[in-house]
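Each remark here refers to the structure printed beneath this line.
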Amino acid sequence: MRNVIAIRQGQAQLVEGDSWQLLGEQEAPLPTGALILPLHRWLAQPSGYHGLWLGPDDDVESLQLWLGVLPLIAIDFPSFRDGRGYSQAYLLRTRLGWQGELRAVGDVLRDQLSHMRQCGFDSFAVREDKSAADALKGLQGMSVLYGRSVIEPRPLFRRR
Amino acid sequence: MYHYDEYDRALVFERVAQFRDQVQRFTAGELSEEEFLPLRLQNGLYLQKHAYMLRVAIPYGTLGARQMRTLASIARDYDRGYGHFTTRQNIQFNWVELAQVPDILQRLAEVDMHAIQTSGNCVRNITTEAFAGVAADEIIDPRPLAEILRQWSTINPEFLFLPRKFKIAICSARQDRAAIMMHDIGLYLYRDGRQQMRLRVMVGGGLGRTPILGLQIREGLPWEHLLSYVEAILRVYNRHGRRDNKYKARIKILVKALGIEAFAREVEQEWQHIKDGPAQLTEAEFQRVAEGFAPPRYAAQPDGDLDYGTHLAMDRSFARWVSRNVQPHKVAGYASVVLSTKPGPAAPPGDLTAEQMDNVADWSEHFGFGEIRIAHEQNLILPDVRKADLYPLWRLACEQGLGTANIGLLTDIIACPGGDFCALANAKSIPIAQAIQSRFDDLDYLHDLGELSLNISGCINACGHHHIGNIGILGVDKNGSEWYQVTLGGAQGKASALGKVIGPSFSAAEIPRVIEQIVATYCAYRELDEPFVDTVARVGLEPFKERVYARQPEVSTCAM
């Protein structure tokens, strides 16, 4: 994928030559390379080689069985105004204990990156017509978080 | 009042800087209109018919004199000299320039204010009743928990793109003056047999296109679990609420579709995972926040003040104002004063000029402890006035056009800005309110009619709460022209009810006549001092319909 930002050892960086490829419902499989597949396509041939492309209607709890095998989970934002992906990410990270890479894909934009990061995403495929270098500036967000999040489980009243 | 510490302050200032950058990027064409839209909405900025409108948050309707003066300065420097107080205890400035909005927000941040999440599909301003902390019938002051909820919901990253807006209200008095049944989440705070604070949680209430009263989802929730329980509700809603149709996207539709039992089960299941985690509130945090709401230093007052008693006996206008606009206080010798923003045709409901705002700020310091409240009926309240000061305050309020003795009466109309300003409106609200106020300008007559609420919304979004007005008026569009549908029997409070439509809609010109006939019918049927809404409940809509649709230009007045 192009335009990918990843957080590695706490550092956000632009990724050169990311090898993952998203494969839609209808597209024919590509001959080689690591793919990110829609849930039912992945379930048809579970493999530790291909990643999973989770849609907003997909049930994260159903992934429990496969978390030990999956190399990557991508959560789709069909529109940046569709906030279901935030709750999916939260559940994957906290309830299901997903430790691997969690990538935001789709309508991924600079002004939402810090929220995504708070909810546990650690890589971001910024929408292709936007500059990933510019989007990087949105990752930091604000210094104050009142509530709690995946990366800061204690609400501010326990840190104040 | 709650006092900001360095965290609260850092957040509002960083938010201003962030939005300033977003405005610049939008102006430079780096952000599209579509991308900018939710960003500006979550900073309170709407694009209206003629200009941008900025909605500033007044958390749970409480503000200090310094903050009120800042609002006045904004009205003067960035608007046309006035502001509009809303039914959600906020203030709107109707004529702001996009380029100046970051400066306005900066000015607000300097007095611990903001416009965060006053719009958008997120958790909105937390509201409570305007007499919180001072009402004689209060059980527990709801403001500390309201502030705790405000903080928790502010820029909570998981819940900024919900299916639709989300409104939470909390109340803890014998009378529900916060309309908690009309909210996505309504919280009723009380003490159990062992004096522990508990919450009754209502969910799925709301007005708008599909008006529904909230249903109880939980009784006896210990207060420490407030945040985790609300989080559980929000997570279920965020995951499962409809997103295909904005008119079906409020939580009430989800609750209705699943049924309250199934919805409650989902929430309970979610809550079990998080209830005893770090979101559990601590006594220390409650105390830290509650300190800000500690009662001011009331001075012991004589039980009866001679001057006050004399004025009451001698000045009929003053006595009438006291009977409507003064509320009992929990401390002897004090009262809460409601300043009416409904003087009649002179000003639209909820509007205050910069000069009036400055005056209210001065009075709040001179006659109180520098605190002001906004009621959801769009009036202003000075919560702590010595009874001995009521007379001089009344004189000043009258000079400033804020002394109308009509609280709870027919002319205390709740109205949204309507088609004069709002891009969503089907019809105008303000001229309708003013036409009714002109028709009913006899205060003696109004006082004789007694409690009668009249609410006007310019469209189905129901910002004017028409469903819960004893008389409700809704602007509708018929082939491009403005018509008005009338409902009767709505009520707020613990006996909340939704009004019923009486029949075909009316033109603007007919409305004063229609209201007059409705009132005349009430007068004909009421028994003794029966309030309007009780008469409607007892006799039903028929007598009203007969009179209103008989097409006979019949004018009648109440027998005194």
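Within region B:8-30, is there a residue that is within 20 Å of A:MET142 (Cβ to Cβ) and assigned to a loop (DSSP other than H, G, I, E, B)? The answer is no; no qualifying residue exists.
In region B:306-318, which residues are farther than 19 Å from B:PRO383 by Cα and surrounded by 11 or more Cβ atoms within 10 Å (Cβ to Cβ)? Give the steps one after another, and end with the answer.
Taking region B:306-318 as the starting set, the residues that turn out to be farther than 19 Å from B:PRO383 by Cα are B:306-307, B:309-317.
If the condition is that a residue be farther than 19 Å from B:PRO383 by Cα and surrounded by 11 or more Cβ atoms within 10 Å (Cβ to Cβ), then B:ASP307, B:GLY309, B:THR310, B:HIS311, B:LEU312, B:ASP315, B:SER317 are the ones that fit.
Listed by first and then second residue, the pairs with beta-carbon distance under 7 Å, at least 6 apart or on different chains, first residue in region B:499-512 and not assigned by TED's automatic domain parsing to the domain that holds B:HIS466, second open to solvent by 10 Å² or more (accessible area, probe 1.4 Å), form an empty list. Scanning region A:31-54 for residues that are open to solvent by less than 70 Å² (accessible area, probe 1.4 Å) and part of a loop (DSSP other than H, G, I, E, B), we see that the one that is nearest to A:LEU136 (Cα to Cα) is A:ALA34. Within region B:349-386, the set of residues being at pLDDT 95 or above, open to solvent by 20 Å² or more (accessible area, probe 1.4 Å) and assigned to a loop (DSSP other than H, G, I, E, B) comprises B:GLY368, B:PHE369. For region B:335-348, a tally of residues being at negative phi, open to solvent by less than 60 Å² (accessible area, probe 1.4 Å) and over 19 Å from the mean Cα position of the chain (by Cα) returns 1. B:HIS225 meets each of the listed conditions (1) within 14 Å of chain A (Cβ to nearest Cβ); (2) surrounded by 24 or more Cβ atoms within 10 Å (Cβ to Cβ) apart from (2).
The residues on offer are A:GLN9, A:GLN13, A:GLN21, and the sole one that is touching a Gly at 6+ places or on another chain (Cβ under 9 Å) and either within 23 Å of A:ARG117 (Cα to Cα) or in contact (Cβ under 8 Å) with a residue 60 or more places away in the chain (or both) is A:GLN21. Checking each residue in region B:241-257 for being open to solvent by 80 Å² or more (accessible area, probe 1.4 Å) and over 19 Å from B:LYS167 (Cβ atoms) picks out B:ASP244, B:ALA257. Within region A:141-160, residues that are closer than 12 Å to A:TYR90 by Cβ and more than 7 Å from chain B (Cβ to nearest Cβ) reach partners that are among the aromatic types (Phe, Trp, Tyr) and not in a loop (DSSP other than H, G, I, E, B) with beta carbons closer than 8 Å, at six or more positions or on different chains, in the pairs A:VAL150/A:TYR90.
A:ALA133 is checked against (1) closer than 20 Å to B:LEU227 by Cα; (2) hydrophobic (A, V, I, L, M, F, W, C); (3) open to solvent by 30 Å² or more (accessible area, probe 1.4 Å) and fails just one. What number does that condition carry? So the condition that A:ALA133 fails would be (1). Within the option set B:GLN100, B:GLN89, being without any contact (Cβ under 8 Å) to a residue 40 or more places away in the chain and either within 29 Å of B:VAL385 (Cβ to Cβ) or in the same structural domain as B:HIS50 (by TED's automatic domain parsing) (or both) holds for one residue only, B:GLN100. Screening region B:169-278 for helices (runs of 4 or more DSSP H) wholly inside it with 3 or more residues that are under 26 Å from B:ILE140 (Cβ atoms) returns the ranges B:226-240, B:260-274. There is no residue in region B:53-69 that is open to solvent by 20 Å² or more (accessible area, probe 1.4 Å), in contact with a helix residue (DSSP H, G or I) (Cβ under 6 Å, 6 or more places away or on another chain) and aromatic (Phe, Trp, Tyr). Taking into account only those residues within region B:37-52 that are within 12 Å of chain A (Cβ to nearest Cβ) and surrounded by 19 or more Cβ atoms within 10 Å (Cβ to Cβ), which is farthest from A:LYS137 (Cα to Cα)? Checked region B:37-52; the qualifying residue farthest from A:LYS137 (Cα to Cα) is B:LEU41.
In region A:15-27, is there at least one residue being farther than 28 Å from A:SER131 by Cβ and surrounded by fewer than 20 Cβ atoms within 10 Å (Cβ to Cβ)? Scanning region A:15-27 turns up at least one residue that is farther than 28 Å from A:SER131 by Cβ and surrounded by fewer than 20 Cβ atoms within 10 Å (Cβ to Cβ). When you scan region B:268-276, do you find a residue that is over 25 Å from B:THR128 (Cβ atoms), open to solvent by 80 Å² or more (accessible area, probe 1.4 Å), within 14 Å of another protein chain (Cβ to nearest Cβ) and under 26 Å from the mean Cα position of the chain (by Cα), even just one? No, there is no match, as no residue in region B:268-276 is over 25 Å from B:THR128 (Cβ atoms), open to solvent by 80 Å² or more (accessible area, probe 1.4 Å), within 14 Å of another protein chain (Cβ to nearest Cβ) and under 26 Å from the mean Cα position of the chain (by Cα). Of all residue pairs spaced 6 or more apart or on separate chains, those with beta-carbon atoms under 7 Å, a first member in region B:248-267 that is over 16 Å from B:VAL201 (Cα atoms) and a second member that is assigned to a helix (DSSP H, G or I) are B:LEU254/B:TYR237; B:LEU254/B:HIS240; B:LEU254/B:PHE263.
Open to solvent by 30 Å² or more (accessible area, probe 1.4 Å), in a loop (DSSP other than H, G, I, E, B), at the interface with chain B (Cβ under 8 Å from one of its Cβ atoms) and closer than 20 Å to B:PRO278 by Cα: is that true of A:ARG81 in this structure? Judged against the criteria, A:ARG81 is not a match. For B:ALA332, the conditions (1) more than 14 Å from every other protein chain (Cβ to nearest Cβ); (2) among the aliphatic types (A, V, I, L, M); (3) farther than 30 Å from B:ALA435 by Cα; (4) crowded, with 16+ Cβ neighbours inside 10 Å all hold with the exception of (4). Looking only at region B:230-240, residues that are in contact with a Lys or Arg (Cβ under 7 Å, 6 or more places away or on another chain) and either surrounded by fewer than 21 Cβ atoms within 10 Å (Cβ to Cβ) or without any contact (Cβ under 8 Å) to a residue 40 or more places away in the chain (or both) come to 1 in all. Applying the set (1) in contact with a strand residue (DSSP E or B) (Cβ under 8 Å, 6 or more places away or on another chain); (2) open to solvent by less than 50 Å² (accessible area, probe 1.4 Å) to B:ALA279 leaves exactly one unmet item: (1). Counting the residues of region B:406-449 that are in a helix (DSSP H, G or I), closer than 30 Å to B:ALA319 by Cβ and open to solvent by less than 20 Å² (accessible area, probe 1.4 Å) gives 5.
Can you name the residue in region A:91-130 that is assigned to a helix (DSSP H, G or I) and open to solvent by 20 Å² or more (accessible area, probe 1.4 Å) and, of all such residues, is farthest from the other protein chains (Cβ to nearest Cβ)? Spell out the reasoning first.
We begin by selecting, within region A:91-130, every residue assigned to a helix (DSSP H, G or I); these are A:91-95, A:110-118.
Cutting the leftovers down to open to solvent by 20 Å² or more (accessible area, probe 1.4 Å) gives us A:93-95, A:110-111, A:115, A:117-118.
Values: A:ARG93: 11, A:THR94: 8, A:ARG95: 6, A:ARG110: 9, A:ASP111: 6, A:HIS115: 4, A:ARG117: 8, A:GLN118: 4 Å.
This residue is A:ARG93.
Inspect all residues belonging to region B:16-31 and state whether any of them is open to solvent by 30 Å² or more (accessible area, probe 1.4 Å), in contact with a Ser or Thr (Cβ under 6 Å, 6 or more places away or on another chain) and within 11 Å of chain A (Cβ to nearest Cβ). Checked against the condition, which is being open to solvent by 30 Å² or more (accessible area, probe 1.4 Å), in contact with a Ser or Thr (Cβ under 6 Å, 6 or more places away or on another chain) and within 11 Å of chain A (Cβ to nearest Cβ), region B:16-31 yields no hits at all.
The values are calculated or read from the model by the stated rules, or taken from the named source; none is laboratory data. Remember, it's a predicted structure, so these values are computed and weren't measured experimentally. Every residue, glycine among them, receives a Cβ derived from its backbone with ideal geometry; neighbour counts consider all protein chains shown. To get the accessible areas, we keep the full protein, side chains included, count just its heavy atoms, and leave off ligands, DNA and RNA. Shrake-Rupley method; radii C 1.70, N 1.55, O 1.52, S 1.80 Å.
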